[in-house]
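The values are calculated or read from the model by the stated rules, or taken from the named source; none is laboratory data. Note that the structure is a prediction, hence the values are computed from the model and not measured. Positions of Cβ are backbone-derived with ideal geometry, glycine not excepted, and every protein chain shown enters the neighbour counts. Calculation scope for accessible area: heavy atoms of the full protein, side chains included, ligands and nucleic acids excluded. Shrake-Rupley method; radii C 1.70, N 1.55, O 1.52, S 1.80 Å.
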Amino acid sequence: MCGIAGEIRFDGSTPDLGRLQAMADTMNRRGPDGAGLFAQRQTAFAHRRLKIIDLSDAAEQPMVDTDLGLSLVFNGCIYNHRELRAELAGAGYRFFSNGDSEVLLKAYHHWGEDFVHHLNGMFAFAIAERESGRLLLGRDRLGIKPLYFSESDGFFRFASSLQALARYDDIDKSLDAEALAFYFSFHAVVPPPWTILKGMRKLPPATLMRIEPDGQRSTRQYWDIHFGAKEDERNYSYADWKDLIHVELRQAVKRRLVADVDVGVLLSGGLDSSLIVGLLHEAGQKGLNTFSIGFESVGEEKGDEFEYSDIVARHFDTHHTQIQIDTSRTLTELDNAIAQMSEPMTSHDCIGFYLLSEEVSKRVKVVQSGQGADEVFAGYHWYPPMLDTNDAVSAYAKAFFDRDRDEMGDLLKDRWMTREDLPRQFVEAHFTKGGAERPIDQALRLDTQVMLADDPVKRVDNMTMAWGLEARVPFLDHELVEAAARVPAEYKTAQDGKGILKDIGREVIPSEVIDRPKGYFPVPALKYLRGPYLEKVRDAVNSKGFQDKGVVNPAYLDRLLDDPEAHITPLRGSKLYQIGLLAMWLETHGL
């Protein structure tokens, strides 16, 4: 896990290494263990390293293989790197390091662009060819690792964060109206290629981008999810499907133990993280480090789930740490968490992951986390209605969208309103692609491929990497995701969601953490804006900087400020906090 950055010039000049280093310096927290810079003619790379695999200097980046004429910057982890190393060594390749980075170089040389099909892991990379001057960028199948870019006629730049790219003055940093349409309606999810800023874009998951020395570029999606059983699975019973998922999940958790440092678990006390702990224990892990966080309650809204995480910790005899956060610290650290957001992320648990990661990073450098289970195994309330609907897009929008087109007109000033309802068109286009015929499968595919990467996965990456902590997400193992997509939807939506996963859980973990009301990572003070939190948001939306941008209609804003708790999205988020978070993010990042 690291921070990567680079530039390729098309105008005959060479990259400014001082500026590139400054860009990399903004990502010091992503990679506190090492730094490197490399330039070759019109291409330059910068890197910040977090040492997880091969702790020696032999694995430093940018990595250059002079024999192959290739250079690399890479962020992530390849879980099957040892198996690939053995295969490549058998094909005659010689290695100078013991890490996964060098495996990427050899694999690319051996298999060409199809090398990505051999990788099991999370990754964002750039590989430069010395002889041709060509640059190849890629992102993992589920978008676990970020990759942002900006371009003009004279250059192409990329980085692991939006903040890094923003260090350059020749990039348009104004708000993007199309991105705002998504942000305020598609539950704050801004899908690729958009970002909240007009002059910056992000590479979609499962995508390769090839850039030629003259600036021509091409992109292709190298992986997709296909729903429905394989031919040899058509007669599978429920028990067969359960056994298949159990095997795949066991393997996914085991893969993510690959490291030269200890691996812990973020234990919320829910099914997903508890199941990870149980499977690790089943795999022989003893003395596992587990971590839970809690906040002060607000009214009747409880701020922790220690009751359940303690059950799991006791049952598997983990080295468990409870982290209790008082309201005053949550408030004072909120700005610091916002500063680590590559884009505005309105979920209440961002501050939770930020504070949890700070404490966890003092004890371990790698953790496994349960993100993705709800999207892959149909754990959310909007999935069951998709089983029988005759209007899939409307059913999905009713449950998931924060605002309809009419309310968007109330919210935004005219110059920010797009001519078309982009979020709805986006959903329609995704639903009509081949490979998912049923509305429920179309919704699961959209959430797995789009919402996950730009909401829960992005927030976990940003908040953990803010403290040099690597988070691994076994529920997003692509082989597990492929298997789950083949499972009949009714087996997933059963038992109020994640039915098949719950039945697997009953074979592994205490039933008390399964047969209970669904929980979440609670930060009540940000859900119910009161006291100092409300004043902080009020100050942000009324600030001169935000008002001068002329984004929100004053009448709409006044209505929300008069009674914040009366204006909650269908997914139980604060509409006022959504606006306030955008204002605070812009101010924090000097935009």
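Below, the figures for the structure above:
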{"read-out": "Odd one out for Arg329, checked against (1) closer than 20 Å to Pro456 by Cβ; (2) open to solvent by 40 Å² or more (accessible area, probe 1.4 Å)", "value": "(1)"}
{"read-out": "Pair list, Cβ under 9 Å, 6 or more apart: region 71-89 residue farther than 12 Å from Leu119 by Cβ, other residue aromatic (Phe, Trp, Tyr) and open to solvent by 10 Å² or more (accessible area, probe 1.4 Å)", "value": "Ser71/Phe38; Leu72/Tyr108; Val73/Phe38; Arg85/Tyr93; Arg85/Phe95; Leu88/Phe95; Ala89/Phe95"}
{"read-out": "Selected residue (criterion: modelled with the lowest pLDDT) from residues of region 561-584 that are aliphatic (A, V, I, L, M) and under 24 Å from Trp382 (Cβ atoms)", "value": "Leu571"}
{"read-out": "Search result, residues across region 331-363 that are assigned to a loop (DSSP other than H, G, I, E, B) and farther than 20 Å from Val190 by Cβ", "value": "Ser361, Lys362, Arg363"}
{"read-out": "Candidate set: region 60-91, residues that are touching an Asp or Glu at 6+ places or on another chain (Cβ under 7 Å) and under 15 Å from Gly3 (Cα atoms); chosen: the one surrounded by the most Cβ atoms within 10 Å (Cβ to Cβ)", "value": "Cys77"}
{"read-out": "Unique residue being acidic (Asp, Glu), modelled with pLDDT of 95 or more and open to solvent by less than 20 Å² (accessible area, probe 1.4 Å) when the list is Asp410, Asp406, Asp402, Asp414", "value": "Asp402"}
{"read-out": "Residue that is nearest to Ala86 (Cα to Cα) [pool: residues in region 115-135 that are touching a residue at least 24 places away in the same chain (Cβ under 8 Å) and either in contact with a helix residue (DSSP H, G or I) (Cβ under 7 Å, 6 or more places away or on another chain) or of a type in the set (Asp, Glu) (or both)]", "value": "His118"}
{"read-out": "Residue match in region 350-367 (condition: among the acidic types (Asp, Glu) and either under 23 Å from Pro456 (Cβ atoms) or in contact with a Cys (Cβ under 8 Å, 6 or more places away or on another chain) (or both))", "value": "yes"}
{"read-out": "Subset of region 393-437 [without any contact (Cβ under 8 Å) to a residue 40 or more places away in the chain, of a type outside the set (Asp, Glu) and assigned to a loop (DSSP other than H, G, I, E, B)]", "value": "Arg419, Thr432, Lys433, Gly434"}
{"read-out": "Any strands (runs of 3 or more DSSP E) falling wholly within region 25-143 and containing at least 3 residues that are closer than 22 Å to Leu203 by Cα", "value": "43-49, 70-78, 121-129, 135-139"}
